[in-house]
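Report on one structure; see the data block that follows.
The values are calculated or read from the model by the stated rules, or taken from the named source; none is laboratory data. Here the structure is a predicted model, which is why all the values come from computation and not from measurement. Positions of Cβ are backbone-derived with ideal geometry, glycine not excepted, and every protein chain shown enters the neighbour counts. When the accessible area is computed, the model is the full protein with side chains, heavy atoms only, and any ligands, DNA or RNA have been set aside. Shrake-Rupley method; radii C 1.70, N 1.55, O 1.52, S 1.80 Å.
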Amino acid sequence: MALLIATCVAGIFFGLYYNFLVLIPLTLAAAATCSAAALLHGQSISSALLAIVIPAVGLQGGYMIGL
């Protein structure tokens, strides 16, 4: 839950100050970071996929709110 809130706040910030192209590298960086952390902690592939989807949705949803 804290990850979703943090990514929504980051998405709102980037929505207020930057155009939509900033979402591409942010989403890729968040996906790489969360998947690496999930796999290093020994979680399954489905848990890693969920850990990738949550920040991606949070960033894009927060960006839409920030517009």
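Going by the conditions given, is residue 14 surrounded by fewer than 13 Cβ atoms within 10 Å (Cβ to Cβ) and aromatic (Phe, Trp, Tyr)?
Considered against the rule, which asks whether it is surrounded by fewer than 13 Cβ atoms within 10 Å (Cβ to Cβ) and aromatic (Phe, Trp, Tyr), residue 14 comes out as no.
When segment 38-53 is filtered for residues that are of a type in the set (A, V, I, L, M) and modelled with pLDDT under 90, the ones remaining, listed by number, are 38, 39, 45, 48, 49, 50, 51, 52. The set of residues in segment 1-30 being in a helix (DSSP H, G or I) and either of a type in the set (Ser, Thr, Tyr) or at positive phi (or both) consists of 7, 17, 27. Checked against (1) open to solvent by less than 60 Å² (accessible area, probe 1.4 Å); (2) at pLDDT 90 or above, residue 9 meets all criteria but (1). Tallying residues that are under 15 Å from residue 67 (Cα atoms) and in contact with a Leu (Cβ under 9 Å, 6 or more places away or on another chain) within segment 21-53 yields 1.
If I go through segment 17-30 residue by residue, how many of them are within 12 Å of the chain's Cα centre (by Cα) and open to solvent by 80 Å² or more (accessible area, probe 1.4 Å)? Residues in segment 17-30 being within 12 Å of the chain's Cα centre (by Cα) and open to solvent by 80 Å² or more (accessible area, probe 1.4 Å): 2 in total. Of the residues making up segment 31-50, those that are small (Gly, Ala, Ser) and either open to solvent by 20 Å² or more (accessible area, probe 1.4 Å) or at positive phi (or both) are 31, 32, 35, 36, 37, 42, 44, 46, 47.
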